[in-house]
Number of protein chains: 2
Amino acid sequence: MTDAAADPADEPPRTWTIAEVADEFGVTHRTVRHYEELGLIAPERRGTTRVYHRRDRTRLGLILRGRRLGFPLEEVRTIIDLYDAPRGRRSQLEYVLGQIGSRRADLEQRRADLEAALAELEGFERRCREDLARLG
Amino acid sequence: MTDAAADPADEPPRTWTIAEVADEFGVTHRTVRHYEELGLIAPERRGTTRVYHRRDRTRLGLILRGRRLGFPLEEVRTIIDLYDAPRGRRSQLEYVLGQIGSRRADLEQRRADLEAALAELEGFERRCREDLARLG
DNA sequence: CTTTACGTTGACGTCAACGTCAAGAACGTG
DNA sequence: CACGTTCTTGACGTTGACGTCAACGTAAAG
């Protein structure tokens, strides 16, 4: 096991191996490496071995949520990169805000589709339950 | 053009060619044929030519919405086939209701992911706007 | 009656998102 | 220190969702 006990002063922040993050997020190490190949995450290297920090886990969570939502990984990258984009200058901030707008529109379209699908499904369920009731 | 005028009595219900449905839904004819290969739609044949009815257009709409939501086409098929499944007998109805339950759970998971993503994005947008205001 | 437009069936190509070996290197453990 | 476990880098395989091309039929238009 990885030492989870002993938390007195300020120890170095915890890190994870590739097997640990893969397990934790329910994916294979190949998937994690694939995301790295695409530049979605960039774990530290100690010698040749990958070392994952909290930041990497955060990004991995965002990636997998994007995947569950059906976004292609390239699009996922533009989204999460957005959160790290430089925004010190006004022009940069305005660019980021523009991107945010596009992403929001996209997400809201999806939400509309989703609500429509759910509404249909629920209507159908109701009719089925009525039929079932009629069958006594 | 396809004759859109002259609508006096009860003419035969309107039909469409593959080019028309493809155009209308913004996909290629190859895509439409692909969905037919997978058994997602089954247009009538007049000789060798495909003839699309309202039913086919309805299904195509469901397919494309499923696609926008990121569902694999095989899963889309199980969903739209559900709407046509036999439910005359109690056992059939109960099976259908079970399937509906699974689909609903899936959609609601997606909705949760979607709401989370939107909430994050909106929080980020707010912070960006504050930064912009500070830059006066 | 040839042209032009649209339709058809294969069949192979492609791209994304990984899976699946193979063949080592590094590391704790008996 | 040998051994099994976990890590590494290739590199090729696979599946889904089409794109693309060839080769051909058909039907209205000039």
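The values are calculated or read from the model by the stated rules, or taken from the named source; none is laboratory data. This structure is a prediction, so every number in the text was calculated from the model and none was measured. No Cβ is skipped: glycine too gets one built from the backbone with ideal geometry, and neighbour counts run over all protein chains shown. Accessible surface is based on the protein model in full, side chains and every heavy atom, while ligands, DNA and RNA are left aside. Shrake-Rupley method; radii C 1.70, N 1.55, O 1.52, S 1.80 Å.
Residue of chain B with the smallest Cβ distance to the axis mapping B onto A, distance rounded to whole Å: B:Gly70, 1. Other residues within the sphere of radius under 10 Å centred on the Cβ of A:Glu44, judged by their own Cβ, net out at +3 (K and R +1, D and E -1).
Using the Cβ-Cβ distance between B:Arg55 and A:Glu74 with R0 = 35 Å, the FRET efficiency computed as 1/(1 + (r/R0)^6) comes to roughly 0.45.
A:Asp84 contributes an accessible area of around 80 Å² to the protein surface, as traced by a 1.4 Å probe with all chains present.
Across identical copies of the chain, A:Arg126 has label-point separations of 3.4 nm, listed in ascending order, with the point defined 7 angstrom from Cα along Cα→Cβ.
Buried surface for the B/A pair, taken as the accessible area of each chain alone minus that of the pair with a 1.4 Å probe, is close to 4200 Å² in total. Look at the stretch A:75-84: the mean tally of other chain Cβ atoms within 10 Å of its residues' Cβ atoms is 1. For B:Arg127 and B:Glu44, the FRET efficiency from 1/(1 + (r/R0)^6), where r spans their Cβ atoms and R0 equals 45 Å, is about 0.20.
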